[in-house]
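First up is the structure itself, then whatever we jot down about it.
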Amino acid sequence: MPFESLSDYFIFKLYESIRKQASTHARFGEDLLADTAKQRAEELHQEIERRGLFCVPIEWPIAD
């Protein structure tokens, strides 16, 4: 997905949505998010940094 046309706010909302999912899964001690979600989060994080903005990286649950 090209991010250039999306607002900073929307980029953050997408990133935070994935963060909430990861946090929920971590509470239950599971890593249920697919690799595609992790890849999308990384792409969003790179776009946030490219724009000179800041966000806290997502802490992914450790898979057993």
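Nothing in this text is a laboratory measurement; each read-out follows from the coordinates by a stated rule. These numbers come from a predicted model, not from an experiment. Reconstructed Cβ throughout: ideal geometry from the backbone, glycine too, with neighbour counts over all protein chains shown.
Annotation: the residues ARG51, ARG27, ARG19, sorted from fewest to most other C-beta atoms within 10 Å of their own C-beta, follow the order ARG27, ARG51, ARG19. Overall size of the chain from C-alpha positions, given as principal axis extents largest first: 37, 19, 15 Å.
Helix 8-27 axis versus longest C-alpha principal axis of the chain: approximately 10°, rounded to the nearest ten.
The ranking of ILE58, ILE11 from fewest to most other beta carbons within 10 Å of each one's beta carbon is ILE11, ILE58. Counting other Cβ atoms within 10 Å, keep those with at most 13, restrict to DSSP loop, and tell me which GluC sites (Glu not before Pro) in the stretch 4-64 are left. Passing both the DSSP loop test and the Cβ count: GLU4, GLU30, GLU59. Rounded to the nearest 10 degrees, what's the angle between the helix 35-50 long axis and the longest principal axis of the chain, both from Cα atoms, 0 to 90? So the inclination is approximately 40 degrees.
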